[in-house]
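Reviewing the structure listed below.
The values are calculated or read from the model by the stated rules, or taken from the named source; none is laboratory data. Note that the structure is predicted; figures quoted are calculated from it, not measured. Cβ atoms come from the backbone with ideal geometry, glycine included; neighbour counts cover every protein chain shown. Heads up: the accessible areas ignore ligands, DNA and RNA and are worked out on the full protein's heavy atoms, side chains in. Shrake-Rupley method; radii C 1.70, N 1.55, O 1.52, S 1.80 Å.
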Amino acid sequence: MARVISVERENFPIAGTFTISRGSKTEAEVVTCTIRQGDNAGRGECVPYRRYGETLESVIAAIEAMRGAVEGGIGRAALLDAMPAGAARNAIDCALWDLDAKASGIAVSERLHLTPKALETAYTLSLGTAEAMAAQARENAGRPLLKVKIGGGDGDIERIRAVRQAAPASRLILDANEGWTDETVVAGLAAAAELGVALVEQPLPAGKDGILAGIAHPVPVCADESVHEAKDLAALKGLYDAVNIKLDKAGGLTEALKLRDEARRLGFGIMIGCMVGTSLAMAPAVLLAQDADFVDLDGPLLLARDRVPALAYEGSVVSPPQRTLWG
């Protein structure tokens with residue numbers, strides 16, 4: 001029976017404004033791919049990654065360009081060779097996983113030999129002044145793991161200190177989004193260690209992170225923008241202690257599984273992260289994250305409105321997806 005693919009642009013309002021070192025946004029703009037075959041439909045959601053030149057229009061065009069191959073029956077393994085890593089491939093790949101689960105009656109978790117459990121996710125504090133970030137931290141001080149967006153220049157250490165004082169019991173991840181420099185990274189890592197930070201994510205720009213091989217890591221340092229696929233990992237040995245795997249960077253669950261397994265083999269810690277998207281985007285990542293060291297799948301918690309059905313969040317604990325949502 002032939003497949004039929006469709007693609008849709010959707011917008012979901014963010015609760016307030018979400019700010020990182022590269023800018024602010026008030027809504028999550030996502031692309032949803034649906035692949036139908038008979039009575040079954042599989043869905044995948046992606047978020048175009050402007051850091052890599054992706055736009056809603058370019059991602060939709062890339063999915064449309066694969067119409068013939070997808071409707072002709074391309075599989076997930078062949079998709080890795082047919083498309084580059086990125087958001088468009090992620091949407092198609094996750095839709096194929098979901099379609100296969102719906103058609104076969106075999107859940108994705110079962111195919112991955114998982115008995116999935118609920119996970120504790122980080123909750124992200126948007127970049128702002130030290131005072132504004134302390135206020136966010138106080139509001140969320142009961143959450144066990146906070147991810148703190150920094151990379152805003154000279155005030156970063158003041159921001160970290162303010163958040164720590166406002167949420168003394170929470171573990172902290174710092175995410176600089178490539179915002180530090182050779183001149184600030186040593187002091188930043190030292191301050192992170194002093195304040196009991198658990199992980200520092202992508203302090204330096206990708207491709208300009210060689211200095212990390214020659215300085216102390218008093219806190220583990222995690223690659224984000226510097227890693228996309230499994231083939232990237234060898235060059236990161238000696239620079240980073242952990243890697244942040246995101247489906248939109250890896251180009252789908254198929255490659256993300258390979259990336260996770262190779263990262264483990266090479267001795268990297270594992271973080272599973274996300275863009276700001278809905279529960280449909282988080283669902284496959286929850287399965288990927290079952291044995292991760294850090295989980296950052298709070299996208300729906302940042303939205304004013306999620307999909308229905310949605311993932312179940314209890315505070316900072318996210319349950320595995322119901323099959324009516326995905327997989």
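Under the simplified labelling scheme, the residue 323-residue 114 pair shows an inter-label distance of 1.6 nm, with each label point 7 Å from Cα along Cα→Cβ. The DSSP beta bridges internal to the chain are antiparallel in roughly 55% of cases. In this structure segment 60-138 gives 41 Å² per residue of accessible area when probed at 1.4 Å with all protein chains present. Straight-line reach from residue 117: which lysines have Cα under 28 Å away, leaving out those fewer than 8 places along the same chain? Counting by Cα, and skipping residues close in sequence, residue 117 has these lysines nearby: 102, 147, 149, 246, 249, 258.
Annotation: segment 71-227 has a Kirkwood hydrodynamic radius of 18.1 angstrom, from the mean reciprocal C-alpha pair distance. Within segment 205-273, the ratio Rg/Rh, alpha carbon atoms throughout and Rh by Kirkwood, equals 0.95. Taking only protein heavy atoms and a 1.4 Å probe, the accessible area of the chain is 52% carbon and sulfur. Taking amide hydrogens as placed 1.01 Å from N in the peptide plane, the amide H of residue 124 sits under 5 Å from those of 147, each at least 5 positions away in sequence or on another chain. For the peptides 233-241, 83-91, the ranking by mean Cβ contacts within 10 Å, running from highest to lowest, is 83-91, 233-241. On a per residue basis, segment 241-324 carries 31 Å² of accessible surface, using protein heavy atoms and a 1.4 Å probe.
Evaluate the Debye formula for segment 41-93 with equal point scatterers sitting on the alpha carbons, no solvent, and hand back log10 of I(q)/I(0) at q = 0.25, 0.28 Å⁻¹, in q order, two decimals. One equal scatterer on each Cα of segment 41-93 leads to -1.01, -1.21.
Working note: Cα gyration tensor of segment 136-284, eigenvalues times five, square-rooted, sorted largest first, giving semi-axes of 25, 20, 13 Å. Relative to the dominant Cα principal axis of the chain, helix 87-104 is inclined by about 50°. Coupling constants for segment 311-326 follow from the phi torsions by the Karplus curve (6.51 cos²θ - 1.76 cosθ + 1.60, θ = phi - 60°), and in residue order they are 5, 9, 10, 10, x, 9, 9, 10, 8, x, x, 6, 5, 5, 7, 6 Hz; glycine and proline get x.
In segment 138-226, which trypsin sites (Lys or Arg not before Pro) fall in coil by DSSP and have 13 or fewer other Cβ atoms within 10 Å?
Hits after loop and neighbour filter: 208.
For residue 245, the residues whose modelled amide H falls within less than 5 Å of its own, excluding neighbours fewer than 5 places apart on the same chain, are 271, 272, 273. Helical content alone sets the calculated 222 nm signal of the chain at -9000 deg cm²/dmol, taking -39,500 (n - 2.57) per DSSP H segment of four or more residues and averaging over every residue. Just report the Cα centroid separation between segment 54-84 and segment 150-200, whole Å. The distance from the Cα centre of segment 54-84 to that of segment 150-200 comes to 39 Å. Inter-part distance, segment 237-306 to segment 106-121, computed on C-alpha centroids, equals 14 Å. Length gained on full extension, residue 264 to residue 231: 10.5 nm, using 0.36 nm per residue less the C-alpha separation. Phi-derived couplings, Karplus 6.51 cos²θ - 1.76 cosθ + 1.60 at θ = phi - 60°, listed residue by residue for segment 59-67: 5, 4, 5, 5, 5, 4, 5, 9, 4 Hz, with x used for Gly and Pro. Placing +1 on each Lys and Arg Cβ and -1 on each Asp and Glu Cβ, with no other charges, gives the chain a dipole about its Cα centre of roughly 520 debye.
In this structure, residue 11 and residue 104 have a Cβ-Cβ separation that, at R0 = 51 Å, corresponds to a calculated FRET efficiency of about 0.95.
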